[in-house]
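Q: Here it is: the structure, laid out below.
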Amino acid sequence: MAHVYCPECGYNNPESAHFCAKCGAALVVPEEGESTEAFAAPEVPESLDPLEDLGIIHGAALIVADHVASAVKHLVPPEREVFDLSPVDPDLPRVVYIWCVHSPQAMSGSPTSFCTATYGLTQLTPPWLVHPNEIIDGALTGPYRTAFAMSWTVANNPLFLDLYRRHGRDWNFLGVILLRTEWTTQTEKQLMANQTAKLASMIGAQGAVVTWDAGGNEFIEVMRSIQACERLGIKTVFLTSEDDATDGAPTMLEPLPEADAIVSTGFFKNTTLGVADAPAVARVIGLPYKAVAGDRRTGIGRGNDRQIPTTGPLPPPWRYDDHYGFGTLSCIE
């Protein structure tokens, strides 16, 4: 059975569909005489167990990755960098990175849904302690929903890399705690927060840098983890984007007094940021048209009402979350 991929969310729609069944975007059907080259998605029998289904899709993605890597493996990298978590001066402050990542399990009802994955797993799990080299080697991969946390974004997280590069010079970098978010009850959220802080304390952390990659109720376990760390004597710094201060409302869902060191990466809505259109380009690799919403105040899943050439100019996405400080600030600042 042939499929049409949504240009907005990538969902696999039947060939006869005119609109995406997932996000409502208009589907682009090539005109007669046009052709588009793309990788074909593997056909998976409907009778397969979801875990087998996921394994096939994941395996296909790894094959594509191997082919891409083989095409460039003969190239000499422009620079080399060595990362080493060797023992350092015991008087240096001991710092851990608490990296909060979204899980789709509660929202989708499935432990195998597509999302930011830890060793291929997207389900809700207790916090994991990982060596920084595991992150560099691809233990954490994207994307989350659209472009919020692509694999490239995760691997090139400037805050994480800055923490690692300054190990042994400005602090003792103890490692990374991966905390899955979007638990369903307040009890679960508080439990995960307590466990995260306990784990940080058990490895001897004196300070923690905290980031997250989602929105809404996931903010609760993030803030409660900060609170729990502070109550154990672990000083925290929280890097986050902000929501609009509509009618004087706070720009964060749950401001807590313990979270007294917060670095803002700005508002995530582009209508607030005033992001300009992307300029036109001479050549596009991919589809000739893009479905967009005329009202830039609309958000994900609210549909699109027109198509424009991908040669541009292109309006910015309705939101952009800078989760990891892709700006001029370093983690020490």
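Read-outs: derived from the displayed coordinates by stated rules, not from any lab. What you see is a predicted model; the values in this text were computed from it and never measured. When we count neighbours, we look across all protein chains shown, and the Cβ atoms used for this are built from the backbone with ideal geometry, even at glycine.
Q: Given R₀ = 35 Å, FRET efficiency for Lys198-Phe114 by Cβ-Cβ distance, to 0.05? Numbers along the way, then the final one.
A: Numbers: r = 31 Å, r/R0 = 0.88.
The computed FRET efficiency comes out at 0.70.
Q: Lys73: which lysines have alpha carbons under 20 Å from its alpha carbon, excluding same-chain residues fewer than 8 sequence positions away?
A: Filter leaves no residues.
Q: Then there's this: Using 1/(1 + (r/R0)^6) with R0 = 45 angstrom and r between the beta carbons of Val76 and Val281, what's the FRET efficiency to the nearest 0.05? Can you show the working numbers first?
A: Working: r = 29 Å, r/R0 = 0.65.
The calculated FRET efficiency here is 0.95.
Q: Then there is this: Looking at the calculated P(r) for region 94-271, what percent of the C-alpha pair distances fall above 28 Å? Display every interim value, and only then the final one.
A: Details: 2870 of 15753 pairs.
The answer is 18 percent, as a whole percent.
Q: Related question: On a full-extension model of 0.36 nm per residue, what is the gain between Asp322 and Thr187, subtracting their alpha-carbon distance, rounded to one decimal in nm?
A: 45.7 nm
Q: Between Ser264 and Ala60, with labels modelled 7 Å along Cα→Cβ, what's the label distance in nm to one decimal, could you check?
A: It works out to 4.4 nm between the two label points.
Q: Okay, moving on. For region 158-181 and region 108-135, what is the separation of their Cα centres, given in Å?
A: 19 Å
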